[in-house]
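Working notes, structure below.
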Amino acid sequence: MELVRYILRRTILSTFVVVGVTFLVFIVAQVVPSDPAALYAGPRPTAEQIEKARQELNLDAPLAERFVTFAKAMAAGDFGVSYKSRRLIADDLRAYLPATLELAIFSTGLALLIGIPLGVLAAARQGNWPDRLSSLGSIAAVAMPTFFLAMILQLIFAQWLGILPLSGRLSREISIAAPLPMITGFNLIDAVLAGRIEVVGDALKHLILPALTLASYPAGVAMRLTRSAMIEILERRHVTAARALGLSEPRILFGHALPNAMGPALTVIGLSFAYALTGAVLVEIIFAWPGLGRYVSEAILAKDFPVIAAVTMVVTICYVVMNLLIDVAQALVDPRVALS
Amino acid sequence: MTRLVHRLGWPGTIAFGVVLVFVLLAVLAPWIAPYPGQGAGAPNVAAKLLPPSADYWLGTDHLGRDVLSRVIYGARVSMTNGILIVLFALLIGLPIGLAAGYFGGWIDEALMRGTDVFLAFPALLLAVLMAAALGPGFLNSIIAVAVTWWPWYARLARAEVLVLRGQPYVEAARLAGVSHPRIIIRHILPATGRPLTVQAALDVGPALLTAAALSFLGLGILPPTADWGQMVDAGRKFFPARWWYSAMPGLTIFIVALAFSILGDALRDRKGGANRASA
């Protein structure tokens, strides 16, 4: 019962947050700029274009009325027309969102896969060199500018070693000569659905570098959280009992201690997903990854303001929904969360 | 010196030294930079994209300017960015957090739900939207990042006030008929100030990183003023063949952010507990 009430309350709160987000985007888009119409009309607009934008935005109407119009359009998925591509922004979003989500999900998995075992290792060898090395690594991961890390990885793995592709989402031979049918928009899934296993390998190769860039920071966080959770659990009696029984060290660590230390994993999933959505803006442009991040960074250069507003809106809503799901999952895993 | 090492440990002391060096580089740029004119933006087309050499220690950029001088001049913008972002964020967040914590009730509810809305955004995206709305430029990019930064200080200040509000000396002041604004400013602010200042000092590094990301995207200060993030972006066209152009400013951002982060850890773990810090 408590659980149902908790979930309901979180859902209602998230709905309010979405309304608030819409309002804030509206304010930043239409009130903060000195001349919103000029911003919406694109770079170097003519007087006519500005006048047209002024009428479309209905700038002479009262603020409340304009907000209602804005919110209605957003809810209906009407984000206007991109200045640069002259296409409906909604269509662009539909084309680019799966690529970003694929990258975000993959990098989140990668972060857990790197961070958790390292955290276990660091806790097991506390104060020893694996511990120190991974602490050092996680500090460095925080300080490393995402865009710079992306360039370094490109330099090492694509330029010097030549084992991974420099950029893009699929090799030219596939994307141009024999493109995948777009079913879900996730290349890995579409390739399996189309029965083309060789494309899965190609898609994976292209995913690794951008995903690794985005995974470095959350992996560091995952490592630190796992480490401290493990240190606490390794001192508990059931671990001592397992030791007394003569169980092997790996079995104690991964079989008995780690399952109890998995609480932080959910936190890291949320954080990592958020980081990937944000970092996408910086990483996708470097890896020519055709997702929302590249879309928005190209919009910045083209002064395509409606696109920036639309992407901010959509990504933030993804983010709010993701956080809600994680809170609910956390309450389901550990019902004590719902009580606090 | 030995006291500093004792208090911060060796990594913290070295990090402190690095930060100090960059502050000095920023302040003394015109006297330290080997080519002050180029650092400030004057082109030198005879020496385009030269690799690091005795004349140009970190190579030259696509306009022939000395990358070392540009990096040193960039310290002015980038360090100021970090400090001003945190300062602006404090200016917004502190009053909101103080009011929410002190008055409680519906004021608290309204202010904190508003804060939640700001926190619902992926920070960089909100900064991008804000910067795009304001247009590029030094001050605008700082405001854009500060807008995403203040909610943390509002929350921190509120949490501090909630503890202080029940303290006997605050109750005494209230019973003595001291007005609300006066209690907040004279009796609560000084006590919340210290933990917040420490936090703000630690945030300069991350703030600087966010500002660098914004200027990498072309929303920061406009050329020809040197800025690290913008240099990395400009050098991307020549990467990796002319790697130094992007790599040097990129590495500089990393070193400075790393120094701030290690210094922050050292301050947090320092011997003698948190309260003795500012002595």
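Remarks
- Considering region B:78-130, and only residues there that are in contact with a Ser or Thr (Cβ under 7 Å, 6 or more places away or on another chain) and assigned to a loop (DSSP other than H, G, I, E, B), the residue that is surrounded by the most Cβ atoms within 10 Å (Cβ to Cβ) turns out to be B:PHE121.
- Each residue in region B:127-136 was checked for being in contact with a Leu (Cβ under 8 Å, 6 or more places away or on another chain) and either farther than 21 Å from A:PRO145 by Cβ or modelled with pLDDT of 90 or more (or both), and 4 pass.
- In region A:136-153, the residue that is farthest from the chain's Cα centre (by Cα) out of those that are among the small types (Gly, Ala, Ser) and more than 7 Å from chain B (Cβ to nearest Cβ) is A:GLY137.
Let's see how each residue does on (1) farther than 29 Å from A:TYR83 by Cβ; (2) of a type in the set (A, V, I, L, M, F, W, C); (3) surrounded by fewer than 17 Cβ atoms within 10 Å (Cβ to Cβ):
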{"residue": "A:SER228", "(1), (2), (3)": "yes, no, yes"}
{"residue": "A:GLU235", "(1), (2), (3)": "yes, no, yes"}
{"residue": "A:MET313", "(1), (2), (3)": "no, yes, no"}
{"residue": "A:LEU332", "(1), (2), (3)": "yes, yes, yes"}
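- Conditions (1) outside any loop (DSSP other than H, G, I, E, B); (2) more than 8 Å from every other protein chain (Cβ to nearest Cβ); (3) crowded, with 18+ Cβ neighbours inside 10 Å; (4) at pLDDT below 90: number failed by B:SER261: (2)
- Qualifying positions in region A:287-340 - acidic (Asp, Glu), more than 24 Å from A:SER175 (Cβ to Cβ) and within 11 Å of chain B (Cβ to nearest Cβ): A:ASP304
- Any chance B:THR225 is within 14 Å of chain A (Cβ to nearest Cβ) and of a type in the set (Val, Ile, Thr): no
- Subset tally (residues that are under 14 Å from B:PHE138 (Cβ atoms) and hydrophobic (A, V, I, L, M, F, W, C)) for region B:209-222: 6
- Among the residues of region A:154-181, those that are more than 14 Å from chain B (Cβ to nearest Cβ) and surrounded by 12 or more Cβ atoms within 10 Å (Cβ to Cβ) comprise A:LEU164, A:PRO165, A:GLY168, A:ARG169, A:LEU170, A:SER171, A:ILE174, A:SER175, A:LEU180.
- Qualifying positions in region A:20-66 - surrounded by fewer than 17 Cβ atoms within 10 Å (Cβ to Cβ) and in contact (Cβ under 8 Å) with a residue 40 or more places away in the chain: A:PHE23, A:PRO43
Residue-by-condition table, conditions (1) under 14 Å from the mean Cα position of the chain (by Cα); (2) of a type in the set (Gly, Ala, Ser):
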{"site": "A:ALA276", "(1), (2)": "yes, yes"}
{"site": "A:GLY279", "(1), (2)": "yes, yes"}
{"site": "A:ALA288", "(1), (2)": "no, yes"}
{"site": "A:LEU292", "(1), (2)": "yes, no"}
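- Residues in region B:233-258 that are closer than 10 Å to B:GLY74 by Cβ and at the interface with chain A (Cβ under 9 Å from one of its Cβ atoms) were compared, and the one that is nearest to the chain's Cα centre (by Cα) is B:ILE253.
- Taking region B:131-147 as the range and being outside any helix (DSSP H, G or I) and touching a residue at least 12 places away in the same chain (Cβ under 8 Å) as the test, the residues that pass are B:PRO136, B:GLY137.
- Elements of type helices (runs of 4 or more DSSP H) contained in region A:198-306, each with 1 or more residues being free of Cβ contacts under 8 Å to residues at least 40 places away in the same chain and among the small types (Gly, Ala, Ser): A:237-244, A:292-301
- Enumeration of residues in region B:220-258 that are more than 27 Å from A:TRP160 (Cβ to Cβ) and surrounded by fewer than 19 Cβ atoms within 10 Å (Cβ to Cβ): B:LEU222, B:PRO223, B:PRO224, B:THR225
- Selection status of B:PRO51, over 29 Å from B:ALA146 (Cα atoms) and in contact with a helix residue (DSSP H, G or I) (Cβ under 7 Å, 6 or more places away or on another chain): yes
- Of all the residues in region B:213-222, those that are within 10 Å of another protein chain (Cβ to nearest Cβ) and either farther than 12 Å from B:LEU124 by Cβ or of a type in the set (Asp, Glu) (or both) number 1.
The values are calculated or read from the model by the stated rules, or taken from the named source; none is laboratory data. Keep in mind the model is a prediction, meaning the values are calculated, not measured. Reconstructed Cβ throughout: ideal geometry from the backbone, glycine too, with neighbour counts over all protein chains shown.
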